[in-house]
Amino acid sequence: MVALCVAYLWGTTKVPVLEIGDPLGPRAFPYLVGVLGLITAVWLFVEIAARRRSASKAAAGETRHRPWAVFLTLAWMAAFYTVLEPFGFVLSTFLFLLGLTCFFNRNRWVTNILVSAGFPLGVYFAFTKLLSISLPAGVLPI
């Protein structure tokens, strides 16, 4: 993930900048995305390293790996991309996140529903109202 973010940031430096137009230029948002991605990748690395240290202290039989979860997540992502346009951003993202959070964060229904509803609504209104970027509305009258 770090290598992908570094490559993304390098690619952002190749975006041409015009002297007229937006004072921030076309590189501001890609730089923001790349730096935030880099920060979260490093954060994830530190979190995984801390978990491995604590897991090594636990008994070897207690740790459970689920390699098939990667394939289920990829299939769920494919379903999300398939229904994104007809269902709309808010509904399809809600269903996508609800499925993932219920799978990976079991028995925490209130948290899962709040995150699954709050994130797409916040992103939708930030993009459509603040940034004037259109996202698919779909079946919901938003």
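Considering the conditions (1) among the β-branched types (Val, Ile, Thr); (2) within 30 Å of residue 14 (Cβ to Cβ); (3) part of a loop (DSSP other than H, G, I, E, B), residue 142 is excluded by exactly one of them, (2).
A quick yes/no check of all residues on (1) surrounded by 10 or more Cβ atoms within 10 Å (Cβ to Cβ); (2) more than 27 Å from residue 105 (Cα to Cα); (3) at pLDDT below 80:
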site	(1), (2), (3)
1	yes, no, no
33	yes, no, no
53	no, no, yes
68	no, no, no
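Tell me which residues, restricted to segment 63-78, are in contact (Cβ under 8 Å) with a residue 12 or more places away in the chain and within 25 Å of residue 134 (Cα to Cα).
So in segment 63-78, the residues in contact (Cβ under 8 Å) with a residue 12 or more places away in the chain come out as 69, 72-73, 76-77.
Listed by number, the residues that qualify are 76, 77.
The number of residues in segment 81-129 that are touching a residue at least 40 places away in the same chain (Cβ under 8 Å) and exposed (fewer than 14 other Cβ atoms within 10 Å of the Cβ) comes to 2.
Could you check segment 25-42 and list, in sequence order, the residues that are hydroxyl-bearing (Ser, Thr, Tyr) and under 16 Å from residue 10 (Cα atoms)?
First, pick out the residues of segment 25-42 that are hydroxyl-bearing (Ser, Thr, Tyr): 31, 40.
Hit for segment 25-42 is 31, nothing else.
The values are calculated or read from the model by the stated rules, or taken from the named source; none is laboratory data. Keep in mind that what you see is a predicted model, and the values were worked out from it rather than measured. Methodologically, a virtual Cβ is constructed for each residue, glycine included, from the backbone with ideal geometry; neighbour enumeration extends over all protein chains shown.
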